[in-house]
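Colleague: Pasting a structure here, questions to come.
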Amino acid sequence: MKKIVAIILVIVLLFGGLISTGLLNFSKNLTESITANSTDNSTVAEPPFKKEGELTFMKNQGKLTIEIADNEAETTQGLMYRRTMPDSCGMIFIMNTYEPQKFWMKNTYIPLDIVYLDESKKIVTIQANTTPFSEAGVESYEKAKFVLEVNAGYCKRKGIEKGDLVKW
């Protein structure tokens, strides 16, 4: 009888060990999977700035080095996940349609001035000092074909106003 009890005890201990090891591995794998699929922005690599042209403000002859977003993927990405941008740089978006536009600041660390331009590249709206990470729409209120994003306060510092023309 003692022999049977000892065998049962050994079996229970071995079986219990296998179960706990399996559960621990399952728990570890589940945690790793959740972490890998997390939307924690601190682990997203900052996209590099790509010089693709130069933009000139006609009134004051101010110049910006620009990156151009001219397809859906680039327009969707915009300046998201960038933590810095030199004051001499900006991003121009070429929209598919000429209509009132609306941008947001989701996953955007940098406060921006968002400048909306019509088909003739005239500024129709300046939305100054937008709020980083906000998902609220930042509207043009008027038809726009192009959208320029620059560091917050840039327009005020450089005297850029509604009605000014730009070229690139």
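Bear in mind that the values in this text are calculations on the coordinates, not laboratory data. Because the structure is a prediction, the values reported are computed rather than measured. So basically every Cβ, Gly included, is an ideal-geometry build from the backbone, and we count neighbours across all protein chains shown.
Colleague: So how much slack lies between LYS50 and GLU142, counting 0.36 nm per residue of separation and subtracting their Cα-Cα distance, in nm? Working shown, then result.
Modeller: Details: separation 92, 0.36 × 92 = 33.12 nm, distance 2.92 nm.
Gain on stretching LYS50 to GLU142: 30.2 nm.
Colleague: Next question. Explain nothing, just compute: Karplus ³J(HN,Hα) = 6.51 cos²θ - 1.76 cosθ + 1.60, θ = phi - 60°, for every residue of the stretch 131-145 in order, whole Hz, x for Gly and Pro.
Modeller: Each residue's phi maps through the Karplus curve to give 8, x, 6, 6, 9, 6, x, 10, 8, 8, 6, 10, 4, 9, 10 Hz.
Colleague: Could you please report the charge total around ILE160, scoring K, R as +1 and D, E as -1 over all other residues with beta-carbon less than 14 angstrom from its beta-carbon? Write down the numbers at each step before the final one.
Modeller: On the way: positive: LYS59, LYS63, LYS121, LYS122, LYS156, ARG157, LYS158, LYS162, LYS167; negative: ASP87, ASP113, GLU149, GLU161, ASP164.
After counting each charged neighbour, the total is +4.
Colleague: Which value, in Å³ per residue, describes the convex hull spanned by the Cα atoms of the stretch 50-166?
Modeller: Working: hull volume 10.4 nm³, N = 117.
Normalising the Cα hull of the stretch 50-166 by residue number yields 89 Å³.
Colleague: Could I ask something else about it? How far is it, in nm, from the label point at ALA73 to the one at ASP87 when both lie 7 Å from their Cα along the line to the Cβ?
Modeller: 3.4 nm
Colleague: OK, next. Return the FRET efficiency for the residue pair GLN61, LYS156: r is the Cβ-Cβ distance, R0 is 22 Å, and the value is rounded to the nearest 0.05. Intermediate values should be presented prior to the final figure.
Modeller: Details: r = 18 Å, r/R0 = 0.80.
Computed FRET efficiency for GLN61 and LYS156 comes out at 0.80.
Colleague: Moving on. Going down the list LYS63/LYS106; LYS59/LYS158; LYS102/LYS167; LYS121/LYS143; LYS102/LYS143; LYS59/LYS102, which pairs span over 20 Å between their C-alpha atoms?
Modeller: Numbers: LYS63/LYS106 27 Å; LYS59/LYS158 10 Å; LYS102/LYS167 22 Å; LYS121/LYS143 12 Å; LYS102/LYS143 10 Å; LYS59/LYS102 26 Å.
Those over the limit are LYS63/LYS106; LYS102/LYS167; LYS59/LYS102.
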